[in-house]
Structures are given as C-alpha cells and as structure tokens.
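Before any comments, here is the structure.
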Protein chains: 2
Amino acid sequence: MDVLENLKEKIELVEREIERWVPRSIKPEPLGNSMRHLFSAGGKRLRPCLLLLSCEAVGGKVEDALEAAAAVEILHTFTLIHDDVMDRDELRRGVKTVHVLWGIPMAIIAGDALFAKVFEALSENVRRLRLSAEKAVEIFRTISVASFEICRGQAMDVLMVQKDRVSEEEYLKMVSGKTGALLDASMKIGAIIGGGKEKEISALSTFGRKIGIAFQIRDDVLGIIGEESKFGKPIGSDIREGKRTLPIIYALRHLPLEKKKMVEEVLGEGKISRKKLEKVINLLEECGAIEYSSKLALELVDEAKKELSVIRDSRAKETLLALADFVITRSI
Amino acid sequence: MDVLENLKEKIELVEREIERWVPRSIKPEPLGNSMRHLFSAGGKRLRPCLLLLSCEAVGGKVEDALEAAAAVEILHTFTLIHDDVMDRDELRRGVKTVHVLWGIPMAIIAGDALFAKVFEALSENVRRLRLSAEKAVEIFRTISVASFEICRGQAMDVLMVQKDRVSEEEYLKMVSGKTGALLDASMKIGAIIGGGKEKEISALSTFGRKIGIAFQIRDDVLGIIGEESKFGKPIGSDIREGKRTLPIIYALRHLPLEKKKMVEEVLGEGKISRKKLEKVINLLEECGAIEYSSKLALELVDEAKKELSVIRDSRAKETLLALADFVITRSI
C-alpha cells in the first residue's frame, strides 16, 4: 500500500534522528536509559509523520525537517513520562512505565531532559537550513506556546478528576490543549520549514488541531472498549482514575439516576472488580456514550479533511487524508 | 552603596518582566498560582542580574536583555520546583514548597509550564531585537544545552545518595552541571545579546561557571552551619537526605574510622534527633571539612575574577566582581 510505504520510509528516518538526539552515550546511564525507554517500546510516531507530511504538502523536502520531526516526538515522549507519574500509570505501550522502573525522581528528570533536547534539536534544524531569524523565532514560539498549552490541558485534566460536574465544553478545551496543541504545532512547523504560504500553514495547523482532538476522543473510547493487547494500556484505567473522558461526561448527563449513581460510585475508585468494571462499560455502551463520542470524532475528522482543500494534490496530501481516517478507526 | 543600587534597579526590572511571562491571568488558577509561588517567596535573582551585568559589561543595554533575564530566573525556578518534589523538601525560601501546597502532579506540571515559558520569553527577546538567525540559534542552543546539563547534574545528585563512595571529582562534575551550567549560560546569553566579542563571551561564561560551582559549595556549607531563618531551608536537611555534599565527602575521607561510622549512620536517616545532628555537624567542623570547602570555593572565585581581566573596566564589571565575593560570603 502506497500510504503505508510512504509512512514507513518516514518513520525509519525519524527513528535514526531520535537516536541522534537521545543517544546511547548519555551519562549517567540510568538517565539515558529512562530517557530512551518509551521510544524503544514502540509508538506510532504520528507527530513526526504529520510534521514531515506537512512539510512535503507545501513543497518542502523531508530531509529538511528531520530534527524538527524528532523534536516533536521527543516532546510528546516527555509529556507521556510525566503524565504517567501524575496518573500513577504502570503500563504504557505494553511495557512498565519509566517511574515504575527507575523511580519517580529519575522519571521527572528524564522528562525534563527530553524537554531540553527538543530545543537543542530544533536549534540544529534552524542552523543547518540557515533559516531566517523570522522563521526561527516562529518555530521556537510555536513549540513553546504548544508546550505551555499541553501543560494547561494536563492541569485541567488533573483538576477535573476532583470536580463533580464537567461540561463537554470544558472537556474539549482540555483535550484541545493536551493533544490538539502538539498536532497543530507539528503541522505548523512542518509547513514553515517547507516554505508554505500563510494560508497553507493556517489550514495545515487547523487540520492538526482537529484530528488531535479526534485522536484523544478515540483514545477515550479505546480505553473503554479497546483490546488491551493492541492498545498497550489496561482497559478501564481511565474509569479507575476517575478521568472525565467524553463517554463518561455523556453518560453522566444521559443515564437515569440510578445507573448514573452506579457509574459515579466506580469513578476514581482505584481497585474495582472486573465485574463492576464490565457493568459500567456496558452502561456506557447502552446509553449511547460510545456512539456519541465516535460520531463527534468523525465530524472533527471531516472538518479537518475539508481544511486541506487549499493544499494542492500530492502523495503527501493523500497520506494526510488517510492518517485523518486512521485517527478514528485505529485500535492501537 | 553603588553596587547594591545597581543590583536593585535591575531586580526591579526583572520582577516586572517575570510578571509579564508568568502573569496572574494564567488559567486554571491552581496552575498559575503554583507557577508563581516561589517567585513571590523571594529569591536572590542572581541569574538574571548576572545576565544583565554580562550584557552591560560588553557594552550592551540592560533594556535589550530583559526577556532573557526573566527566562533564566524562570528556568531556575522550574528546577527548584522539580528538585523539591524529588527531594521531598517541604520548605524553600522560608515558605512551603509547591508540591506541599498543590500536590505532586500540579508541581510537576508547574515546573514543565515554566520551562515552556523560558523559550517563549527568549523567542520574544530575539524577535524584539531583530537578532540575526545566527545569534538566535546560539542563544537557543546555549539554554537547551544548559538545561540538559542541569538535568544530568540532578540525576547524578539523585544517584549519588545511593552510592557508598563519592569522589570529589564526581561531586564537582555534578555541581558543575546542577549549578554551574545555568550561571555559565546566563553570562553567555547576556554577552551575546550585548554584542560581546568571542573572547569576552568565553571569559564571562567561564566566570559564571566557576562562581556557580563556588555558589553550590557555599550552599553545602550553609546547609550545615547556616542560620535557618536567613537560609530559608532547614539546616541539616542535606544530611538527613543523605546528600553527598563537599563537606560530607571530605569528612568521610578524613575522619577516623569510628567517627566516620557515626556520620555514615546518620546520612539519609530521615528522622534523626537534633542532638545527633549537632554531633555530626561538630564532627564536620572538627575535621576541617567546612574550612576545606570554604577554601575551595574561595579559590574558584579568585579564578573567576581573573577571567574578567579581558573585560574593560565599568560599573558592570565592578558589580560582577562584588557578586563573585558575595557568592562565598553570603548567609542567605
């Protein structure tokens, strides 16, 4: 398949580039190992692929954006390590999380150290291509603002667990920061490096933002009805942690009182029985929460795809459209 | 006093600039409050002052480096928040630490969010001054590499607690990263913005690195013989946490076996009695560990001051020389 071939080539280049910025030679060894752990455990490399495709879609070359592509994956990985500490998650990509293996202090440092590498890699990209100061500033500003947005989204997520009522609007704002911001920034930086026009950069950014939100909604759904072996995280952990996911928000608004109470009882309970968990999952399916969430994700992806009408047809554009569909059909 | 006046003016400008990058308007509120907490608790603002003085010392204007000055203080504050989580320290600058007040997850996010702001502020400085792409890259590379060095130093610090024997060489390497790197980077960025020649930039960086190491040694000493009300942290907490500070390393090498055992017993014990702690502090003074450490710090400061011979005389240079002395005579 053409789309898969296209992505496979890019992923190979990105892997090599990540190795360059997070090399085996980092000392002290536990720091290097904890920084590299989640990369070697897999991952879809969605963000770097989007960045490279965005660069190509406006007429740029993949080779010109490799450091930036590595940078956004490194940034993403840093947020995963810290999120796992905050949520006390023990599994990610089917392997033990960094703090479980090296302890919380080393996990915090590993995340910080990866964050530092993001800007080192971007600096090198700017230097190598001799980009203008204007473009350099725009790239750094984009990644900094996105990083802050991610933090704000994560803070909202943490605070929502303690809240009684969370609206769909609040949820969408949180997710737009937590996941949308980096996909947006990846597309934007790719398009800037590729020399895109303002209209193109803006369309590609919006595409990233919208599929980012859809991606997170799909994540919420997979966390309830996914297959653990494919998904890499324990099914139901969002429920155990009391996370306000879209299906949960929908269900709490639409279930009859008694069933609603049943869901509320289980939210954030930590250790709940498999049986109780299955009951709640059934309730979520019954009341249409899964269907509703999937429909909203589909609408976002449709809107995202429409944005690309300003981009001329190419193999890169075709792959972006296919990726948009993947975001909401994926089981991994 | 001229020197104090000079610093006071700068600190006022820096405070305003920090407010601009970490404003009261940040939402959600607990994120904003936890980001701003340590700034409002005080602090010496050593790094921004060094940056601005370095800028002036090569002929630049203070007004041209304000965002960068705020950026290095913001970076420093981020590391303090994360360090306090790792060390489980409960007091800093005489107030409760961020994780004690807002919990560990919010403290991790607050640190990450401040780190993001560092690069946003730097981007704005580069944009406002219309610096060349070359200078922009150099500034971003400097701060990224320093941030990574800080992480490496912190990782060494965390790992050393579990080690039986730590050499003075390892200690100096750790401290050079943990504290030296950011003072070095502050001086370097100030000098780049100020338009310094390569020789000047290099001398000012080295000055920063050396007084940084001396600063940390003084910190180790104050953690043992300082006055808690001035120092802002509990005296003896390094010992309780089992930290390998220079006085401890010296003492473990020079104390007779029995007394050495007494120190080893107490290291990292957590809850030790006031009386036992005082005994260990007496041992550290007796064996010359405090004197040795203070002498090494003095030597480093002398070396640092010699570096400034390539810088032409000015009020800024005079203030830098005074700050170098302050680093090892301070009790705060």
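The values are calculated or read from the model by the stated rules, or taken from the named source; none is laboratory data. For clarity, every value in this text was computed on a predicted model and none was experimentally measured. Cβ atoms come from the backbone with ideal geometry, glycine included; neighbour counts cover every protein chain shown. In case anyone asks, the SASA skips ligands and DNA or RNA and just uses the protein heavy atoms, side chains included. Shrake-Rupley method; radii C 1.70, N 1.55, O 1.52, S 1.80 Å.
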Working only within region A:256-279, note down all residues that are open to solvent by less than 80 Å² (accessible area, probe 1.4 Å), of a type in the set (A, V, I, L, M) and either farther than 21 Å from A:Gln162 by Cβ or within 26 Å of the chain's Cα centre (by Cα) (or both).
A:Leu267, A:Leu277
Within region B:39-66, the residues that are surrounded by fewer than 22 Cβ atoms within 10 Å (Cβ to Cβ) and farther than 25 Å from B:Val100 by Cα are B:Gly59, B:Gly60, B:Lys61, B:Val62, B:Glu63, B:Asp64
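Assess whether B:Lys188 counts as being assigned to a loop (DSSP other than H, G, I, E, B), buried (at least 17 other Cβ atoms within 10 Å of the Cβ) and either in contact with a helix residue (DSSP H, G or I) (Cβ under 6 Å, 6 or more places away or on another chain) or charged (D, E, K, R) (or both).
Criteria not met by B:Lys188.
With respect to B:Glu198, determine if the residue is acidic (Asp, Glu), closer than 24 Å to B:Ile332 by Cβ and without any contact (Cβ under 8 Å) to a residue 24 or more places away in the chain.
Working: acidic (Asp, Glu): yes; closer than 24 Å to B:Ile332 by Cβ: no; without any contact (Cβ under 8 Å) to a residue 24 or more places away in the chain: yes.
So B:Glu198 does not fit the description; no.
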Residue pairs qualifying under the 9 Å Cβ cut-off, at least six apart or on distinct chains, with the first in region B:275-297 being in contact (Cβ under 8 Å) with a residue 60 or more places away in the chain and the second being surrounded by 18 or more Cβ atoms within 10 Å (Cβ to Cβ) and of a type in the set (Gly, Ala, Ser), are B:Leu284/B:Ala251; B:Leu296/B:Ala214; B:Ala297/B:Ala214
Yes or no: region B:69-88 includes at least one residue that is farther than 25 Å from A:Ile139 by Cα, more than 9 Å from every other protein chain (Cβ to nearest Cβ) and among the hydrophobic types (A, V, I, L, M, F, W, C).
yes
Might you check whether a residue that is among the basic types (Lys, Arg), open to solvent by less than 40 Å² (accessible area, probe 1.4 Å) and in contact (Cβ under 8 Å) with a residue 12 or more places away in the chain occurs anywhere in region A:304-313?
no
Please count how many residues of region A:93-142 are over 18 Å from A:His76 (Cα atoms) and open to solvent by 30 Å² or more (accessible area, probe 1.4 Å).
14
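Any idea how many residues of region A:121-135 are of a type in the set (Asp, Glu) and either within 7 Å of another protein chain (Cβ to nearest Cβ) or touching a His at 6+ places or on another chain (Cβ under 9 Å) (or both)? Break it down stepwise before answering.
Just the residues of region A:121-135 that are of a type in the set (Asp, Glu), to begin with: A:124, A:134.
Cutting the leftovers down to either within 7 Å of another protein chain (Cβ to nearest Cβ) or touching a His at 6+ places or on another chain (Cβ under 9 Å) (or both) gives us none.
Matching residues across region A:121-135 total 0.
One line per residue, one yes/no per condition, for (1) over 24 Å from A:Lys96 (Cα atoms); (2) modelled with pLDDT under 90; (3) among the β-branched types (Val, Ile, Thr):
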site	(1), (2), (3)
A:Gly236	no, yes, no
A:Thr245	no, no, yes
A:Ile249	yes, no, yes
A:Met262	yes, no, no
A:Val280	yes, no, yes
A:Leu283	yes, no, no
Residue count, region B:18-76, condition closer than 26 Å to A:Val145 by Cβ, small (Gly, Ala, Ser) and not in a loop (DSSP other than H, G, I, E, B), comes to 8
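Hey, can you tell me all the residues within region A:101-120 that are more than 7 Å from chain B (Cβ to nearest Cβ) and within 24 Å of B:Arg128 (Cβ to Cβ)?
Applying the first criterion (more than 7 Å from chain B (Cβ to nearest Cβ)) to region A:101-120 yields A:101-104, A:107, A:110-111, A:114, A:118.
Within region A:101-120, just A:Val118 meets the criteria.
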